[in-house]
Structures are given as C-alpha cells and as structure tokens.
C-alpha cells in the first residue's frame, strides 16, 4: 500500500456570483511511497496550490479521493481535521509562516502544545531536531531577529517535530537567497535520507532536481513524470529543464 | 493640460475609500464641534446675567468650555494620527507613482479642508439645534422656568469655527511633517515594521504598584473632608500614573512571569493567549490605560454630580431644622425679641404666607472638635477627630420649646446629636465639665437622622445647660459675643405656595440687611442657589461624561480595527499549523474580551476605591447620605458598563469582519 494515494481528484470553483465555473483540477491521480521525495512542478495557474490545499485537508475536492495510509482524508469530519493535520502532516511554507509573537522554540513546539504533550517530552523531541537543523543557538530568539534561512529551518523543525507521515513543502526556497536555498535543499535531502516522506511543490528547477521523482502538472492534470533513478542532481536538473522547455513549447499548439 | 479640480477630486476619492476609518473620525469631529458650541453658547448667554443665582452656572460652564476644547483637540489629534499611520502605505504608493511630496501635500490640504468644512458646518448646525434642547433642559434642572430667551450669537459661531479651524490646521501640519520626513520605501512598509518583543521593566512595574497602592491607600484612609480635598488630587495623580505603569510594564512583567512557568505555559490556551497578549499589550497598553482612566472619570464625574443634584432636598432637610431662622443680638443696639417678631409678622402678611412651628430661644453657637467627652473649640485634636457644629442653650428655653418641665442639677447637661450618637458621659469645654444627664432622642430644632448612613465627621450637636449664665459665659469665650445678653433665634416653617415662600425670604432678607447684629437663613433662598450650582455641575458632568464616553468608544473602535488588521495573518498560520476553526475562534474571543474588558474592570476597581474619599469630600458639600451616593455610583457604573459593552459589541463586528475572511 502506498503512503499517499491520490485518485481522480477534481476541483471546480464557482465564482462568487455563480455563473462562471473555473476548473482548477481536472483529473489528478498519483501515489507516493513511504520514504519517497516527490516534487510537483507546474506553471502558475496549473493547479499546484489547489492540489496542495486538498492534500493538506485545507480544502475539499469536488470529487476524487486522497488516501493517507489507506484512510480517505476527504471524508474526515471537520471536528477531527485539525487534529489529523497536526498529527499526520507537516508543513513548510514559502514565507515561513512563523508567528512573530513566539520565540523560535515556541514556534517549533506549537503543534505539540496544541496536541497537549507533556513538557519533558516536548523538550526531548526538540533537542535532536534543533541540533540536526543547526538552530540550537537561535531557539530563544524571535523570528524578526533571525535570517530567512534560519527562519525556514525553524519552520522545517516545526514540521518535523510531530513526526508526521508526510511533509508538505510549498515553495520552501521561494523567499531565500541561493546560499540559504542550497543549505535548505541539502537539509531536506538529509531528512529524506533518514526516512521522511516529502512532497515538494515548486517552480524552481533547482529545488525539484533534489527530488527522487518529479511530477509535472498542466491544466489540472498530471502531464508527465520523471524518475531520478541513479542520476546526479545536475543530470536531474538538465532533464527537468528539458521537460519544462518541451512543455512550454510542445504542449500548446492547439 | 492642467485640471484644477484634480486634487479636490483625488482628495474626495481618498476620503471615500478610507471610509472604514475615516467616517468615525468625521463623526468625532462633528460631535466635538457640536458639544463645544452647545456649552459655549449656554455659558455666554447674556440673559443669564440678570439672574444672580445663575452666575455660578456660567462660571462652571466656562470651566467646562476649557476642558472640552482641550479634550477635543487631543481627541482629534489622536484619531488623525491613527488615520495617517494606516495610510502610510497609500502615501508611499503615490510617491512611487510619481507624485512629489508637494503634490501629496496639496492633496492632503484638500482632504483636511473638506473634513474641516464638513465637520464645522454640520457640527454648528447640529449644535444650534442641540443647544436649544439642552438649554431648555438646563432651565428645568436649575428650576429657572422658561422665562429666559435663547439667543443665537454670531460671536459664538465664529469662535467655534475658528477654534476648530485651528485644530484642523495643526492636524494638517503634523500630517505634512510625516510625509516630508519619510522616504517612499519607509512609507510603503510603514504599516508592517517588525515589532520587537517588549522588554520587562521591573522598576516601572514596581513603581506602578507603589503609585496605585499609594493612591488607593490615600483614598481609603482619609477621614476628614478637609484632608480629603487636599489629598484627592494627589491620589488621582498617583492612580493615573500607577494605571499607566501597570498597564504598560506591569502587564508585560506578569505575562513574562507566566511564560516562565513551563507547566502553565505549554498548554494550548495559555500558550496562545500569553504570547499573544505580550505582543498586544505592547501596542495597546497606553490606549487601554487611557480608556481605563477616561472610564473612571466618566463614572466618578456623573456619579458625584448626580448625587449632589439628587441629594439636594436631603441636604437641605438636614441643614435646616426649620425653614427660616432669624437671629438677632439684643445687646449693643440690636433688635429686641419684640422688634424681630414685629418685622417677621409684617413681612409674612405682605407675602401672604403663614408661619408655623414658631419658636424663640436664646443660644450661642460655635464649632468644636470632639474626642470622647472633650470638645475643643480650638480644633486642635488632629485630623481624625470629627468637627461638630455646637449649639448651646439654657434649660428654660429648651423646656419652653419642647413643652416639657425637666430639671437639671448644677453640673449636668442634656445632649442631642443629629447623626452619630454623642456616646460620652461628660461634656468638657476648657476648664468646665458637665455630666450628661441624658442623651435626648429628639429635639425641637432638629431631626435625628439614621446615624449609620451618615458620615460621623460632621454633624450638629445641641447641648442644654442648667442656666442662661453658663451659656452666656460660653458665648463670651467661644461664640464671639461681647454683650451682656445671649443672641436670640426665631425659627419657623412656612405655609403657602412656593413662590410666596421664596419672595417672603427675599424681602425679609432685604429688610434685615441694614439692621446691625441680625442675620437670617432660609431654605428657600439656599435651595435656589444650590439648584443653580449643582444643576450646573450635573449638567456639565453629563456633558463631559458623554464626551469622554465618545472618546472611549472611538479608541475602542480604532483598537479593534488595528487588532483586526494584525491578527488576520496570525490566525491563518495557526490554522495551518493545526488549530481548528473553533479553537481559533474561542482564542480570538477570549483574547479580545480580556483586552477590552480589562480597562472596564480596572475602572470599576478605581471607582470602588475612590468611593470612600469621594464620599468624604461630598460631606464637605453637605451631602452625607451614603445610600444615595452609593446608588448613584452603582447606577452610573452599571449604565456605563452597559454602554461600554454595547460599544464593544458594535465595534467587535468590525474586528470579526476583518479576521472573518480567514476563519
């Protein structure tokens, strides 16, 4: 059984005053195995964000199923959704989404606090993660006191601390400079190597080139996918750019 | 091609687009103009001057005019400052789009011009209508009848217009300064500079506790009215300073201490609430402290002025055993008893009223401090000893008035007090001591009031001595009488209609005025005077109360707005991290409730602590009815709390609308 199984997802938005309907996802199906590192690429408006919101249980599809370890998250009642999200999914966002009212430490502990974990357990979980991400020194600081790269590492720590089955990352390098991006991508590699399943949504060829598999979405459908196999990051980078070029030039003759 | 109407049109569009923040500002300005105009036009109404008793009202009103003008200026400035901070981004955008600073300035000139014109014009128009209504209400409250004409004075219109034009000019200047100082990039980011976590200032927090404690201590320990009036101002200053210090530093210190307690802090509700409040308190502490102080002022102003106004009849009853007292000095060429009687009878006949309960007695009167059985006319017993107004009279006169036939052995005395019982076995005045043969339950000249309800620090005390000689000796020693006879008082109540009673009192006073050694006191004259004084106070109290209330409502509204803008993003993140909508909602509600009801709770606490000292001060005005003052205070606090809650509910909708999109 795959860790995540997405079947025939369809999402249609009705505009506010009825009438015009916009189809964001036409028919999306794919699955992710335990321990995989999957990137989803696509142009603006391809349906990436809609897909991510549905996977994150923040939005409901018009039809289709999302199975996480065989459990259909579309069917989870609203009351249990937040707890489900907290315990099974981890999120990393483009603009970090750290709360400026909390110290870095408290930002990371937030999901555990919401799950009512005991203080010693929280600290026990925090220490190794902070050490691995190299943020032990900045734990008492506040988000406005640290750099973008540090913020994103704090956000990754927050995503990992609940030991989620799946980490969803939405353009995690989007707001970082190239050095910080490189560091973060290497970190994600390491985390994946340690067994964490990661689903990355991105524009960036470089970010996607770190993944084990790349899905391309166009007009609300999975258009193509690339497997890394034994290719290096550089070779993967080349293959992704070629695919994107083909997509941009070849797919649109009608 | 240059279109002259470009800037005015741009200005109008801006005002319309910012209506969410702008309309309340405009409304505030209009109400300020209206209030100022109303109070000013009443205070300078020239037909008041013909009434001697109303001179007080005008004096009180003119004080009010000053307070209102200063307060209006502060309020308009505060609101304007809030608006311009919100608009920094927009102004930065204009700059980047190619408008020079002088163009932005020109646009702002028109904005201010439109605001000023509209606010002043509608404020004056409403003021003209409103002041007419208020004028009639005031006349009723002062018992003046509607004989006085209302006047529309161009000078008042002009003064109001000029004052507010100047205030608006200053807001324009401060806005221009903001634009000139800033560069476009700063303006663009003006709304969202990363806020630092506030530092804990323990010294300020401790100073706050000390100030507040000091103020409260003064308020509850002061016993004598004289000390209360002296120390009240100090107490108010301490409480204001303490409130500001505690809201700013104290709240942060407390919250940070809570945060250090891991067991308490790392649970969902305290976790979000404590960290959110630390952040909120930094930005809101001053505003909340201001709301708290304003609220306290509203409650106390209205409660005290209302008590004075409503308690007048009670105070008059207590002050006057009989409605009219005519006192004369028979020695040194003063009037004899027969002459006084003749004069009173003649005046009664002229006015068409009759006298009842008529009595004549010899007496001497002076003030003395009391400590156990010791009475000190020098009043040197320290501030804790109550001050009594003593009236000493001979047994013979008492028996005649009371229709009794009591006897007193030499060295004995009868005692009566109208408030707290005398409670001692002796009366010692200087070298002389009398033993209290009986503490009387009733007295022909005064009524016993429910002692427990009244302050024990003032009161009337009647002492009956065996012989007139003893009374005369006391009058020589302490009563300021050098003659060989005691003063005589003729007291009576009046029967007839109210106007005749007042005219009787007035004409008797005029007749007595040129006669040496005479004096008179009439409840009907004092009532007229008090109604104008306390009516004026109350009227102004309600006015200022309404103005403070408006300011409070406005600050609450703007606080809700700025909170809403800030929280929108925060709650979205909390949801993504795994908080349910329900949890988010309840967190919002509890935080908002805490932030907005803290000032009210503290204001009510201030009011409770101010109660004893206000009561002591009111006894100096003659109001010692505790129940009345308590009811007035509790009623005012209740009505205020309801209004506060209504304001909160109305403005909270704005907040929920702002954050509502995300939840």
request  = Scan the stretch A:58-70 and give yes if some residue there is assigned to a helix (DSSP H, G or I), within 14 Å of chain B (Cβ to nearest Cβ) and surrounded by 14 or more Cβ atoms within 10 Å (Cβ to Cβ), otherwise no.
outcome  = no
request  = Would you point out the residue of the stretch A:91-108, among those that are at the interface with chain B (Cβ under 7 Å from one of its Cβ atoms) and under 20 Å from the mean Cα position of the chain (by Cα), that is nearest to residue A:167 (Cα to Cα)?
outcome  = A:91
query = What about residue B:257, is it assigned to a loop (DSSP other than H, G, I, E, B) and closer than 29 Å to residue B:567 by Cα?
reply = no
request  = Check off (1) at pLDDT below 90; (2) buried (at least 23 other Cβ atoms within 10 Å of the Cβ) for residue A:174 and give me the number that stays unchecked.
outcome  = (2)
ask   = Can you pull out the residues in the stretch A:24-50 that are more than 18 Å from residue A:66 (Cβ to Cβ), surrounded by fewer than 21 Cβ atoms within 10 Å (Cβ to Cβ) and modelled with pLDDT of 90 or more?
value = A:35
key: Positions within the stretch A:142-161 being modelled with pLDDT under 90 and under 16 Å from residue A:102 (Cβ atoms), in sequence order   = A:142, A:143, A:144, A:145, A:146
inquiry  = Can you tell me which residue is modelled with the lowest pLDDT among those in the stretch B:335-346 that are in contact with a strand residue (DSSP E or B) (Cβ under 7 Å, 6 or more places away or on another chain) and buried (at least 19 other Cβ atoms within 10 Å of the Cβ)?
reply    = B:335
ask   = Out of all the residues in the stretch B:281-314, which are out of contact with any helix residue (DSSP H, G or I) (no Cβ under 6 Å at 6 or more places or on another chain) and under 22 Å from residue B:139 (Cβ atoms)?
value = B:310, B:313
inquiry  = Quick check on residue B:263: is it within 14 Å of another protein chain (Cβ to nearest Cβ), exposed (fewer than 14 other Cβ atoms within 10 Å of the Cβ) and part of a helix (DSSP H, G or I)?
reply    = yes
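Yes/no matrix, rows are residues, columns are (1) crowded, with 22+ Cβ neighbours inside 10 Å; (2) in a helix (DSSP H, G or I); (3) more than 14 Å from chain A (Cβ to nearest Cβ):
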site	(1), (2), (3)
B:248	yes, yes, yes
B:253	no, yes, yes
B:272	yes, yes, no
B:308	yes, yes, yes
B:316	no, yes, yes
inquiry  = Filter the stretch A:136-152 down to the residues that are over 21 Å from residue A:190 (Cα atoms) and free of Cβ contacts under 8 Å to residues at least 24 places away in the same chain and list them by number.
reply    = A:145
remark   = The one condition residue B:278 fails out of (1) touching a helix residue (DSSP H, G or I) at 6+ places or on another chain (Cβ under 7 Å); (2) more than 14 Å from every other protein chain (Cβ to nearest Cβ) is (2)
ask   = So which strands (runs of 3 or more DSSP E) stay within the stretch B:326-398 end to end and still have 1 or more residues that are more than 29 Å from residue B:525 (Cα to Cα), in the same structural domain as residue B:459 (by TED's automatic domain parsing) and without any contact (Cβ under 8 Å) to a residue 24 or more places away in the chain?
value = B:354-371, B:374-376
Candidate set from the stretch A:80-119 (those that are within 25 Å of residue B:256 (Cβ to Cβ) and free of Cβ contacts under 8 Å to residues at least 12 places away in the same chain); member that is surrounded by the fewest Cβ atoms within 10 Å (Cβ to Cβ) = A:116
ask   = Looking at the stretch A:123-135, which of the residues that are within 24 Å of the chain's Cα centre (by Cα), without any contact (Cβ under 8 Å) to a residue 24 or more places away in the chain and part of a helix (DSSP H, G or I) is nearest to the other protein chains (Cβ to nearest Cβ)?
value = A:127
Residue match in the stretch B:569-589 (condition: away from every other protein chain (no Cβ under 14 Å), surrounded by 20 or more Cβ atoms within 10 Å (Cβ to Cβ) and either farther than 27 Å from residue B:72 by Cβ or within 25 Å of the chain's Cα centre (by Cα) (or both)) = no
task = Run down B:322, B:358 and say which single residue is buried (at least 19 other Cβ atoms within 10 Å of the Cβ) and in contact with a strand residue (DSSP E or B) (Cβ under 6 Å, 6 or more places away or on another chain).
result = B:322
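The values are calculated or read from the model by the stated rules, or taken from the named source; none is laboratory data. In this text, all values refer to a predicted model and were calculated from it rather than measured experimentally. Cβ sites come from the backbone with ideal geometry, for glycine too, and all protein chains shown count toward neighbours.
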